[in-house]
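The values are calculated or read from the model by the stated rules, or taken from the named source; none is laboratory data. For clarity, every value in this text was computed on a predicted model and none was experimentally measured. Glycine also receives a Cβ, built like all others from the backbone with ideal geometry; neighbour counts cover every protein chain displayed.
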Amino acid sequence: MLLEVKNINAGYGFLQILRDVSFNIDQGEYACVIGPNGAGKSTTMKTIAGLLSPMSGEIIFNGKNIAGLPGNQVARLGIGYISEDMNLFTNMTVQENLYMGAYVIKEKALKNDRLDFVYNLFTRLKNRKDQLAGTMSGGERKMLAIGRGLMANPKLLLVDEPSFGLAPQLMENVFDNLDILKEAGVTILLVEQNVTKALQVTTRGYVMENGKIFMKGLSSDLADDPHVRKVFLGV
Ligand SMILES: Nc1ncnc2c1ncn2[C@@H]1O[C@H](COP(=O)(O)OP(=O)(O)OP(=O)(O)O)[C@@H](O)[C@H]1O
Ligand SMILES: [Mg+2]
């Protein structure tokens, strides 16, 4: 087991959002969390990534409880987080943004290996390495955010809505790249509005509703489930 989320309660101030959230991700697994708007998917990601400290519960990563650790320490332990809003440094170039993602790596040679890896995956970033991040298109910014998340060579990648706002072809491109990462041994937890796609690419899924894990199962089974089909696929 690479990640064990155990009975997490979390929220904002006095507002509790996550209620007793528990789920597991195996080493090398590609899993997803689906759920309606406001269900608590991004809150779950933020809590794992160390941006939000849970009120109670444990998050065991690689055998260590990381619940409540700050984001930079979580990143150092090998969790990469690509947030919904991307948080790029708009006045910095593409390449400078990528290097920021490698702040946990000290050796210059290793950083450059990672840069080659990312440029290999997204040639468009390489071609635009000196362009300011703020002037990149929406899809290109998404690529840059994912690329930056990969710079630290994470063991676990948390990716929140990677296809949001992307035209179909770019969306396919992003999913193809996530497949490549999975093949390279990266464990991935995906949050995705495109439920059909999410259940196609992942092996296991968790359905979140009102801050709770409402259902879980093999993604292929969830795709056939009447509740999932009604709520998410409108069929
Ligand atoms: N910083 C915050 N302060 C107060 N409430 C917040 C904050 N961030 C999120 N919330 C609330 O927490 C709830 C869960 O939000 P969250 O972003 O986790 O949902 P989500 O499942 O990711 O939804 P979406 O599919 O729309 O991205 C929502 O009701 C939201 O309004
Ligand atoms: Mg969200």
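Listed by first and then second residue, the pairs with beta-carbon distance under 6 Å, at least 6 apart or on different chains, first residue in the stretch 17-44 and part of a loop (DSSP other than H, G, I, E, B), second among the acidic types (Asp, Glu) and more than 10 Å from ligand 2 (Cβ to nearest atom), are 35/209; 39/209. Within the stretch 39-55, the set of residues being more than 6 Å from ligand 1 (Cβ to nearest atom) and β-branched (Val, Ile, Thr) comprises 44, 47, 48.
Candidates 101, 78: the one that is away from ligand 1 (no atom under 16 Å from the Cβ) and either aromatic (Phe, Trp, Tyr) or closer than 24 Å to residue 40 by Cα (or both) is 78. The selection criterion, being within 16 Å of ligand 2 (Cβ to nearest atom) and modelled with pLDDT under 95, does not hold for residue 140.
Being of a type outside the set (Gly, Ala, Ser), away from ligand 2 (no atom under 16 Å from the Cβ), in a loop (DSSP other than H, G, I, E, B) and surrounded by 17 or more Cβ atoms within 10 Å (Cβ to Cβ) is true for just one of 98, 88. Which residue is that? None of the other options fit; the residue is 88. The residue that is farthest from residue 40 (Cα to Cα), counting only those in the stretch 175-215 that are assigned to a loop (DSSP other than H, G, I, E, B), touching a helix residue (DSSP H, G or I) at 6+ places or on another chain (Cβ under 8 Å) and within 12 Å of ligand 1 (Cβ to nearest atom), is 194.
Among the residues of the stretch 45-80, write down those that are of a type in the set (Lys, Arg), modelled with pLDDT of 95 or more and not in a strand (DSSP E or B). It would help to see each step written out before you state the result.
Initial filter on the stretch 45-80 (of a type in the set (Lys, Arg)): 46, 64, 76.
Subset that is modelled with pLDDT of 95 or more: 46, 64.
Selection gives 46 alone.
Screening the stretch 123-160 for residues that are part of a helix (DSSP H, G or I) and of a type in the set (S, T, N, Q) and picking the one that is nearest to ligand 1 (Cβ to nearest atom) gives 135.
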